[in-house]
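Data block below; observations after.
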Amino acid sequence: MDRRAVYKTAWIGGLLLAPQLLLVFTFFYWPTGAALFWAFTLERPWGGGNEFAGLDNFRMVFSDTAYWGAVWRSMVFALGSTALAMGLALLFALFCDRQLRGYKAYQTMLIWPYAVAAPAAGVAFRFLFAPEAGVFAALNKIHPDFWNPSVNGFHAMILIVVAYSWKYLAYNFIFFLAALQSIPRALIEASAMDGSGPLRRMWDIQLPLLAPTMFFLLVINITDSFVDSFGIIDLTTHGGPSKATTLMVYKIYFDGFKGLDYSGAAAQSIVLMLLVMALTFVQFRFIERRVHYR
Amino acid sequence: MIERTPVLNFVTHAVLLVGLAIAFVPMWLVFVAATLSLQEINTPPISLLPGSHLWENLAEAWARADLGVKLTNSLIMSVAVAAGKIALASITAFALVFFRFPGRMAAFWLIFITLMLPLEVRIVPTYAVAANVFSPYQTILDVTGFSWLWQQLTGTELALEWNLLNSYTGLILPLVATATGTFLYRQFFLTVPEELMEAAKMDGAGPLRFFREILMPLSITNMAALFTIMFIYAWNQYLWPLLITTDRTHRGTAVMALRQLIPMSGDSTGGGVPDWNVAMAGCLIVVAPALLVVALMQRFFVRGLIASDK
């Protein structure tokens, strides 16, 4: 950060910063402020502005069992999809990094799913897991409702977790592979000279050196699973059956735009915002420390 | 590395083949589904080999969801977001790295914190802003009493309004506002040796000239990376376009158009089983451009993704 050669013409610098600051103010800080305002006030039923409601909106939200249900399901979704997407990605990256014949082909194919829009992946998996036409259709013929995400909430949750993880598997794979490739080859070679086999090297050298990447991805995956699940849910299960896949973001959208309960939706937004901020904060603290020690 | 581990090599290939299957089989089955007739697709077990109805299904999906218009909209939106992002990110990062002036660090943090406020957590109020972009400023003027003063002085009411609903600007601007690219550019500018700037100064180049003639050409790969990543990001947006376009026939995007191929429980179609062959053909069309960009720009894509998400 400490450069000797800099420009000191403040007005040019300010002018260059202005567009971004204007956009950030208009589309980030003002809406966030508005969310705070709505969260702490209640619209008067016959118009005429909002009246201050203190923590009432939050009390309403927190005393609603439907809200806690959404929180609980978001946790299940976050843990399920993170474990699935990260675990598989790590396994594939470690093996791909052995660079056996044809590894480039594996590598390329494993990256592609990331280009697929989450809602499209959702629609695709809705078809693949459709009880009447998908992979399980034949089993359903023998045993009706062996698999039916439109009736069974647990099946619906599996469906959105799988569709979401399929895309994030590719994302995590890219990061793991890049991290593996940045490990100095000399380390691996020295270890091989000492007589360790490939598995031993994975366990004792590559995995510990991947720890920062793993932590980074863990935070990103959990954060994204909270905010990025909307498209998949909206096109596969619509939050059903009987709210079994209504996660926090979907509930905010539903309460805000369908239920027109701005105050309730705003209070929920604030809670989700705090959650995301806490996660991001943890991540930046960690990254800062890593940079510091390097 | 030269070592003989035949068993492990076999296991490695087996595991990677499973990975390949996980990535590829869903895509293949979607493709196969898009080639079948409605009757064939609803007869389990699921077919593994393509049929002969691909073109019909593609044409049907194209017509049903009006994909010509939607793909054009998506393309306009994605290119504009990517280009706007590059322009905005580069000048912002330039000001942050190469200038010293009061308030610079404050601006840095203001931009930085936005990384913690994804669109999804502030959708309802952002929608309100998009309905009238000037509403924040109107409120500020009202609260500070400026509007009142204006009315006293000119006798006209001060009403600022700029509605972004159903406009390309509305689709694009909020996505351009994010801070990701700014940090990618900042990282890059921090690695530019100081001597370059000193030399430029010595030769009499001002800041804008230095930016245009030295920094821009140096950041070509950076630009390609950011362009790819932002293109994909914008192409795959769903929630924001859904909110801001009420006029779905003219301003809807391709990914949103998937809704028209899948009966939604709340719609007039009343739920029920979609025509899977047509829906899957639609999926193929919608996903194809993004896949193509990633396939062609893979190197930049990977680079951009890894550098920007910090």
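The values are calculated or read from the model by the stated rules, or taken from the named source; none is laboratory data. Remember, predicted model here, so these are calculated numbers, not experimental data. No Cβ is skipped: glycine too gets one built from the backbone with ideal geometry, and neighbour counts run over all protein chains shown.
Considered as a group, the residues in the stretch A:141-156 that are outside any loop (DSSP other than H, G, I, E, B) and away from chain B (no Cβ under 12 Å) include one that is surrounded by the fewest Cβ atoms within 10 Å (Cβ to Cβ), and that residue is A:Phe154. Looking at this structure, is B:Val79 over 20 Å from the mean Cα position of the chain (by Cα), touching a residue at least 24 places away in the same chain (Cβ under 8 Å) and in a helix (DSSP H, G or I)? So B:Val79 fails the test. Of everything in the stretch B:44-54 that is surrounded by 14 or more Cβ atoms within 10 Å (Cβ to Cβ) and either within 8 Å of chain A (Cβ to nearest Cβ) or at pLDDT 85 or above (or both), the residue that is farthest from A:Tyr168 (Cα to Cα) is B:Pro44.
Listed here are the residues, each with its yes/no results for (1) modelled with pLDDT under 85; (2) over 20 Å from the mean Cα position of the chain (by Cα); (3) surrounded by 21 or more Cβ atoms within 10 Å (Cβ to Cβ).
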position: A:Asp64; (1), (2), (3): yes, yes, no
position: A:Ala70; (1), (2), (3): no, no, yes
position: A:Arg73; (1), (2), (3): no, no, yes
position: A:Phe77; (1), (2), (3): no, no, yes
position: A:Ala83; (1), (2), (3): no, no, no
position: A:Ala89; (1), (2), (3): no, no, yes
position: A:Phe95; (1), (2), (3): no, yes, yes
position: A:Leu110; (1), (2), (3): no, no, yes
position: A:Pro113; (1), (2), (3): no, no, yes
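Within the stretch B:283-299, residues that are without any contact (Cβ under 8 Å) to a residue 60 or more places away in the chain have Cβ atoms under 6 Å from residues that are in a helix (DSSP H, G or I) in these pairs: B:Val287/A:Ala120; B:Ala290/A:Ala115; B:Ala290/B:Ile232; B:Ala290/B:Trp235; B:Leu291/A:Ala115, counting only partners at least 6 apart in sequence or on another chain.
Quick one: count up the residues across the stretch B:194-224 that are closer than 25 Å to B:Arg299 by Cα and within 13 Å of another protein chain (Cβ to nearest Cβ). Break it down stepwise before answering.
Within the stretch B:194-224, the subset closer than 25 Å to B:Arg299 by Cα is B:214-224.
When the remaining residues are screened for being within 13 Å of another protein chain (Cβ to nearest Cβ), the result is B:214-215.
Counting residues in the stretch B:194-224 that are closer than 25 Å to B:Arg299 by Cα and within 13 Å of another protein chain (Cβ to nearest Cβ) gives 2.
For the stretch B:189-208, indicate whether the set of residues that are over 19 Å from A:Ala18 (Cβ atoms), part of a helix (DSSP H, G or I), at pLDDT 85 or above and among the aromatic types (Phe, Trp, Tyr) is non-empty. No, the stretch B:189-208 contains no residue that is over 19 Å from A:Ala18 (Cβ atoms), part of a helix (DSSP H, G or I), at pLDDT 85 or above and among the aromatic types (Phe, Trp, Tyr). For A:Phe127, the test of being farther than 20 Å from A:Tyr250 by Cα, in contact with a Ser or Thr (Cβ under 7 Å, 6 or more places away or on another chain) and facing chain B (nearest Cβ under 9 Å) is failed.
Based on this model, can you work out whether A:Ala120 counts as outside any helix (DSSP H, G or I) and crowded, with 23+ Cβ neighbours inside 10 Å? Here the answer is no, as A:Ala120 does not meet what is asked.
Let's see how each residue does on (1) surrounded by fewer than 17 Cβ atoms within 10 Å (Cβ to Cβ); (2) at the interface with chain B (Cβ under 9 Å from one of its Cβ atoms):
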| site | (1), (2) |
| --- | --- |
| A:Gly240 | no, yes |
| A:Ala244 | no, no |
| A:Val249 | no, yes |
| A:Phe257 | yes, yes |
| A:Ala267 | no, no |
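Inspect all residues belonging to the stretch B:143-155 and state whether any of them is within 30 Å of B:Ser78 (Cβ to Cβ) and touching a residue at least 12 places away in the same chain (Cβ under 8 Å). No, every residue in the stretch B:143-155 fails to be within 30 Å of B:Ser78 (Cβ to Cβ) and touching a residue at least 12 places away in the same chain (Cβ under 8 Å).
Residues of the stretch B:1-43 being in a helix (DSSP H, G or I), among the polar types (S, T, N, Q) and more than 7 Å from every other protein chain (Cβ to nearest Cβ), which ones? Once the filter is applied, which keeps residues that are in a helix (DSSP H, G or I), among the polar types (S, T, N, Q) and more than 7 Å from every other protein chain (Cβ to nearest Cβ), the stretch B:1-43 yields only B:Gln39.
The sole residue among B:Phe98, B:Phe94 that is under 17 Å from B:Leu184 (Cβ atoms), within 7 Å of another protein chain (Cβ to nearest Cβ) and at pLDDT below 90 is B:Phe98. Give the residues of the stretch A:105-124 that are farther than 22 Å from B:Ile46 by Cα, of a type in the set (A, V, I, L, M) and at the interface with chain B (Cβ under 7 Å from one of its Cβ atoms), sorted by residue number. Those that are farther than 22 Å from B:Ile46 by Cα, of a type in the set (A, V, I, L, M) and at the interface with chain B (Cβ under 7 Å from one of its Cβ atoms): A:Met109, A:Leu110, A:Ile111, A:Ala115, A:Val116, A:Ala117, A:Ala118. Residues in the stretch A:74-108 that are touching a Ser or Thr at 6+ places or on another chain (Cβ under 7 Å) and either of a type in the set (Val, Ile, Thr) or over 18 Å from A:Trp166 (Cα atoms) (or both): A:Thr82, A:Phe95, A:Arg98, A:Leu100.
Here's the yes/no breakdown for (1) more than 26 Å from the chain's Cα centre (by Cα); (2) within 22 Å of B:Val25 (Cβ to Cβ); (3) of a type outside the set (Phe, Trp, Tyr):
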| site | (1), (2), (3) |
| --- | --- |
| A:Phe127 | no, yes, no |
| A:Leu159 | no, yes, yes |
| A:Ala170 | no, yes, yes |
| A:Ile174 | no, yes, yes |
| A:Ala179 | no, no, yes |
| A:Ala211 | no, no, yes |
| A:Asp234 | no, no, yes |
| A:Gly239 | no, no, yes |
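Within the stretch B:94-144, being over 17 Å from A:Pro19 (Cβ atoms) and not in a helix (DSSP H, G or I) holds for B:Arg100, B:Pro102, B:Leu117, B:Pro118, B:Asn132, B:Thr144. Candidates A:Ser191, A:Ser225: the one that is assigned to a helix (DSSP H, G or I) and buried (at least 20 other Cβ atoms within 10 Å of the Cβ) is A:Ser225. From the list B:Ala89, B:Ala128, B:Ala107, the lone residue that is without any contact (Cβ under 8 Å) to a residue 24 or more places away in the chain, among the small types (Gly, Ala, Ser) and surrounded by 19 or more Cβ atoms within 10 Å (Cβ to Cβ) is B:Ala107.
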